[in-house]
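Please read the structure below before turning to the comments.
No value in this document is a laboratory result; all are computed from the given coordinates. No experiment lies behind these values; they were computed from the predicted model shown. Every residue, glycine among them, receives a Cβ derived from its backbone with ideal geometry; neighbour counts consider all protein chains shown.
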């Protein structure tokens with residue numbers, strides 16, 4: 001099987017539990033400190049990257065203007081976990097561009113508006129302190145990011161749910177996706193057998 005970033009692949013991924021991929025892969029998972037603050041279910045999208053330096057709100061605006069339907073914006077705050085680049089207005093603009101989600105390695109704001117946006121949003125927390133509309137140097141879009149040691153490449157794929165966020169090149173999933181789909185399909189029966197009182201030594205040994 002080969003894997004390219006097609007709508008069919010994104011649809012299949014949206015039906016896979018992110019922790020199931022963790023049974024088969026070790027790399028590509030963002031740190032647990034980045035947690036879902038808005039959205040529900042499993043959401044898959046194409047990675048679009050932006051690195052924001054010096055509290056540069058205009059860099060976020062440029063990144064939003066480059067989004068296309070199905071994109072998932074990943075924001076590297078260059079170690080700044082206090083200034084929020086995402087709030088009510090930027091979230092509305094991201095929805096207008098047809099994107100499906102945002103990951104911020106840092107803080108977000110306007111939590112009620114983010115939860116009402118319909119986006120899958122993941123961040124380290126919330127803040128009342130925001131980025132500023134003054135521009136700056138050091139910001140860039142479409143670059144390879146390093147989020148806590150996890151490389152994030154523009155044009156790759158991101159898979160996110162309540163448990164966390166994973167980022168991969170499509171080819172990484174070539175052999176793993178069918179295994180994950182089979183595992184998810186088998187899990188309901190396994191849970192039912194455990195809850196029915198079937199002997200665990202037989203179930204857990206296989």
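Starting from the 7 Å offset along Cα-to-Cβ, what nm value, one decimal, do you get for the label separation of residue 154 and residue 53?
Going by the 7 Å Cα→Cβ label model, 1.5 nm.
Using a simple spin-label model with points 7 Å from Cα along the Cα→Cβ vector, what separation in nm is obtained for residue 40 and residue 6?
Simple spin-label model gives 3.1 nm for this pair.
Rg(Cα) of region 7-204 divided by 2.2 N^0.38 Å? Before the final figure, lay out each step's value.
Working: Rg = 17.9 Å, N = 198, 2.2 N^0.38 = 16.4 Å.
Computed over Cα atoms of region 7-204, the ratio equals 1.09.
Rounded to the nearest 10 degrees, what's the angle between the helix 176-195 long axis and the longest principal axis of the chain, both from Cα atoms, 0 to 90?
60
How high is the FRET efficiency from residue 126 to residue 192, r the C-beta distance, R0 35 Å, rounded to 0.05?
0.35
Multiply the residue gap between residue 96 and residue 205 by 0.36 nm, knock off their C-alpha separation, and tell me the result in nm, one decimal place.
Values: separation 109, 0.36 × 109 = 39.24 nm, distance 4.99 nm.
Value of the extension gain: 34.2 nm.
FRET efficiency for residue 89 and residue 68, Cβ-Cβ distance as r, R0 = 25 Å, nearest 0.05?
On the way: r = 20 Å, r/R0 = 0.79.
Efficiency, from the Cβ-Cβ distance: 0.80.
Under a plain spin-label model, where a point goes 7 Å from the Cα along Cα-to-Cβ, how far apart in nm are residue 81 and residue 144?
2.5
So, in Å, what gap is there between the alpha-carbon centers of region 1-71 and region 147-204?
Cα centres, region 1-71 to region 147-204: 16 Å.
At 0.36 nm per residue, minus the direct Cα-Cα distance, what do residue 116 and residue 23 gain on full extension? Give it in nm, one decimal, please. Before the final figure, lay out the partial values.
Numbers: separation 93, 0.36 × 93 = 33.48 nm, distance 3.24 nm.
Contour length minus Cα-Cα distance gives 30.2 nm.
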